[in-house]
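These notes concern the structure reproduced below.
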Amino acid sequence: NTGFALGARVPPVVTSAGMAILSSWRADEVMAWLEQYEIKPFTPFTLSSREQVLASILTASQQGYALLEQQLEVGVRGLAVPLKNHKAETIGALSLHMPIGNEETAEAVRRALPALQQVASELRNLV
């Protein structure tokens with residue numbers, strides 16, 4: 001356990017919400033940010049190089065959602081989608097976290113992603 005508390009400040013690359021937001025940035029913004037980012041491991045699974053972080057951001061951008069497993073806390077999976085306003089600007093992210101347990105990654109995504117996408121879509125015209 002990392003001692004993570006709700007509302008605590010942690011690097012965006014170890015949270016699905018942070019990665020969902022980063023995935024909406026332009027490539028030059030991501031690269032400039034990565035140059036300044038100091039990689040800090042939280043678990044044995046934390047991405048440990050800028051190349052790995054960039055690949056994860058690009059994957060999230062292509063998929064339209066971010067999926068992280070055991071980056072901040074061992075045994076925890078995070079899933080997030082960017083939250084966009086009515087101008088299609090990313091203003092945040094919607095995320096959920098679940099224990100990995102015996103559920104396969106693909107099954108967790110299949111089960112939870114549609115709900116996150118629906119809520120993000122419904123909020124778009126309100127924010």
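The values are calculated or read from the model by the stated rules, or taken from the named source; none is laboratory data. Predicted model only: the values in this text are computed from it and were never measured. Cβ: placed from backbone, ideal geometry, glycine included. Neighbour counts: every protein chain shown. Heads up: the accessible areas ignore ligands, DNA and RNA and are worked out on the full protein's heavy atoms, side chains in. Shrake-Rupley method; radii C 1.70, N 1.55, O 1.52, S 1.80 Å.
Report the extension gain between Gln63 and Glu29 in nm, rounded to one decimal, defined as 0.36 nm multiplied by the number of residues separating them, less their alpha carbon distance.
10.3 nm
Computed over the chain with a Gaussian network model linking Cα atoms closer than 10 Å, the most mobile of Leu68, Leu58, Leu34 is Leu34. Near Glu89: Cβ cut-off under 14 Å, other residues only, Lys/Arg at +1 and Asp/Glu at -1. The net charge is +3. Segment Glu104..Ser49, full-extension length gain: 17.2 nm, with 0.36 nm per residue of separation and the alpha-carbon distance subtracted. Based on Cα contacts under 8 Å between residues 6+ apart, the chain shows a relative contact order of 25 percent. Checking every one of the GluC sites (Glu not before Pro) in the range 1-69 against DSSP loop status and a limit of 13 other Cβ atoms within 10 Å picks out Glu38. Of Ala20, Ala32, Ala112, the residue with the greatest mean-square motion in the GNM of the chain, using alpha carbon springs below 10 Å, is Ala32.
Residue-wise HN-Hα couplings along the range 45-50, as the Karplus relation 6.51 cos²θ - 1.76 cosθ + 1.60 with θ = phi - 60° gives them from phi, are 9, 4, 3, 10, 9, 4 Hz; Gly and Pro carry x. Per residue of the chain, the DSSP helices (runs of n ≥ 4 H) give a summed -39500 (n - 2.57) that works out to -12500 deg cm²/dmol at 222 nm. Before I look further, what does the chain give for accessible area per residue, probe 1.4 Å, in whole square angstrom? Heavy-atom SASA per residue in the chain reads 60 Å².
What the phi angles of the range 69-76 give under the Karplus curve with 6.51, -1.76 and 1.60, with θ = phi - 60°, is a coupling list of 10, 6, 7, 9, 8, 4, x, 10 Hz, glycine and proline written as x. Placing unit charges on the Cβ atoms only, positive for Lys and Arg and negative for Asp and Glu, gives the chain a dipole magnitude near 280 debye about its Cα centre.
The Cα atoms of the chain give a gyration tensor whose axes a ≥ b ≥ c have a/c of 1.5 or more with a/b no greater than b/c, which makes the shape oblate.
With all protein chains present, how much of the accessible area of the range 2-115 (probe radius 1.4 Å) comes from carbon and sulfur, to the nearest whole percent? C and S atoms contribute 55 percent here. Remark: the range 25-32, residue by residue, has Karplus-estimated 3J(HN,Hα) of 6, 5, 4, 5, 5, 4, 5, 5 Hz, where x stands for each Gly or Pro and the curve is 6.51 cos²θ - 1.76 cosθ + 1.60 at θ = phi - 60°. Database remark: amide H of Ala93 closer than 5 angstrom to the amide H of Leu83 (H placed geometrically; neighbours at sequence offset of 5 or more, or on other chains; Pro and chain starts carry no H). Within 10 Å, at most 16 other Cβ atoms, and a DSSP state outside H, G, I, E, B define an exposed site. Report the longest part of the chain free of exposed trypsin sites (Lys or Arg not before Pro). The segment 27-86 is the longest one with no such site.
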